[in-house]
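Taken together, the values in this text are just the output of simple stated rules run on the coordinates, not laboratory data. These numbers come from a predicted model, not from an experiment. Virtual Cβ from ideal backbone geometry, glycine too; neighbours counted across all protein chains shown.
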Number of protein chains: 2
Amino acid sequence: MAYWNSRGLRGSALEEIINFTNESYRKKGLALFQKIPTPITPVEVDNKRRTITLAYFDQNSTVDYMGVVQGIPVCFDAKETAQKHLPLQNIHEHQLRFMEDFQAQRGIAFLLVYFSTLGEYYFLPLETLQVYWEAAQKGGRKSIPYAAFEKKYQIFQQGGGMLHYLEAIARYLEETEPKGSDGTC
Amino acid sequence: MAYWNSRGLRGSALEEIINFTNESYRKKGLALFQKIPTPITPVEVDNKRRTITLAYFDQNSTVDYMGVVQGIPVCFDAKETAQKHLPLQNIHEHQLRFMEDFQAQRGIAFLLVYFSTLGEYYFLPLETLQVYWEAAQKGGRKSIPYAAFEKKYQIFQQGGGMLHYLEAIARYLEETEPKGSDGTC
Ligand SMILES: [Mg+2]
Ligand SMILES: [Mg+2]
């Protein structure tokens, strides 16, 4: 019997910092994000105590966060690695498919990746993940190298502990938006 | 000790029909919705069996579904009533605040309401909910009357069990979008 305090199960430090950032974004009216809880199927419930006495983890979780940023639908998953690459085994195929379908609906999907030994955070566009995913399917390397994380998409921690990832989203939008699609005409 | 099969806990028939509809929307490339799982905090875990042996329900659930419909961020909560009105006690203040903040970010937030004795489904715009919520705060009636559910926003069940609520969203958009904001200029 293990108590629910081991990291990675309980909600990592990375998730806590993102939750804190999202609360701040919400207060400032900059964005609204919802943490998607780990899907758990309760089996036995003690109704008097509102306690669950038997439950299972569902397998079909999709992304960690979904939200809206000033009219733009956004979803992302937070990933942490102690290595100088992001192993692709950290990403499940149904997560990738969800992100692809989200982007096909004209939302923005990305990974927020934390290199814990370097203390660096990056926005990784879905397109980059797809390139490495497909290469791995064809027998290529099974991870995304540090070099694939672009400096322009580095995310910095700010005063009060904020991880200001909206900046990276804004930069990504600037670079990927077709010219003249900003409503000016 | 109760087993997890009582309706309303396990996921109602209404939720099942919405989940089925969402799967169909996803397959057709019309929309992508995510059911937001009930937030449950595990306390004790049997790691060998991947079983949770003690857990609690969190109180801060927000909406039942979040997603994206062809570039538009959408969230909604499903509500069922056996009466000829929707009691406002079915809606929690933090749900309302979440929907308000979602709409402030230029998403669309609504209730999908099922009148079970009539067998009728409606799209209820957040604005209508707000009117009745505020009236109730000032001592007015504590429910939304059936008459407040507009026929133009009725949702019909279609072949194969689909509950085609995207039609109601499209109608709502047509009626609320400012003229000339559709990008034609
Ligand atoms: Mg994650
Ligand atoms: Mg509901």
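For this structure, a couple of remarks:
- Debye-sum result for the protein assembly as shown in log10 I(q)/I(0), which assumes one identical scatterer on each alpha carbon, at q = 0.12, 0.13 Å⁻¹: -1.02, -1.19
- Dipole of the protein assembly as shown, positive end: most advanced residue of B:Asn90, A:Ile52, A:Thr81 [Cβ charges, Cα centre]: A:Ile52
- Counting only other chain Cβ atoms within 10 Å of each residue's Cβ, the peptide A:45-55 averages 6.
- When you restrict to C-alpha pairs under 8 Å that are six or more residues apart and normalise by the size of chain B, the relative contact order lands at 16 percent.
- Sequence-distant residues sharing a close amide H with A:Val74 (under 5 Å, placed H): A:Gly67, A:Val68, A:Val69, A:Ile108
- With the convex hull constructed from alpha-carbon coordinates only, the stretch B:30-176 shows a mean projected area of 11.6 nm² over all directions.
- Against the main long axis of the alpha-carbon atoms of chain A, helix A:93-104 sits at an angle near 50°.
- Footprinting exposure proxy for A:Arg141, B:Arg26 (fewest neighbouring C-beta atoms within 10 Å first): A:Arg141, B:Arg26
- Each other copy holds its own label point for B:Thr176; taking that point as 7 Å from Cα along Cα to Cβ, the gaps run 2.6 nm, nearest first.
- If the chain linking A:Asn47 and A:Gln157 were pulled fully straight, counting 0.36 nm for each residue of separation and taking away their Cα-Cα distance, it would gain 35.3 nm.
- Against chain B, whose longest principal axis comes from its Cα atoms, helix B:13-28 is set at around 70 degrees.
- Nitroxide proxy distance, nm - points 7 Å out along Cα→Cβ at B:Ala82 and B:Glu175: 3.1 nm
- When the C-alpha to C-alpha distance is required to be over 20 Å, the pairs from B:Lys84/B:Lys151; B:Lys84/B:Lys138; B:Lys79/B:Lys142; A:Lys35/B:Lys35 that qualify are B:Lys84/B:Lys138.
- Distances between equivalent label points of B:Gly139 across the copies, with each point positioned 7 Å along Cα→Cβ, amount to 8.0 nm, shortest listed first.
- Calculated label separations, B:Ser12, copies of the chain, 7 Å along the beta-carbon direction, nm: 3.8
- For chain A, the longest principal axis of the Cα atoms and the long axis of helix A:126-137 meet at an angle of about 70 degrees.
- Other protein chain Cβ atoms within 10 Å, averaged over every residue that makes up A:28-38: 5
- Sequence-distant residues sharing a close amide H with B:Leu163 (under 5 Å, placed H): B:Thr21, B:Gln158
- As a proxy for reagent exposure, ranking A:Val45, B:Val43 by other Cβ atoms within 10 Å from fewest up yields B:Val43, A:Val45.
- Restriction of the GluC sites (Glu not before Pro) in the stretch B:35-97 to DSSP coil positions whose beta-carbon has at most 16 other beta-carbons within 10 angstrom yields no sites.
- Length-normalised contact order of the stretch B:56-132 in % [C-alpha pairs under 8 Å, at least 6 apart]: 29 percent
- Residues whose amide H lies under 5 Å from that of A:Val63, counting only those 5 or more places away or on a different chain, are absent; hydrogens are built 1.01 Å from N in the peptide plane.
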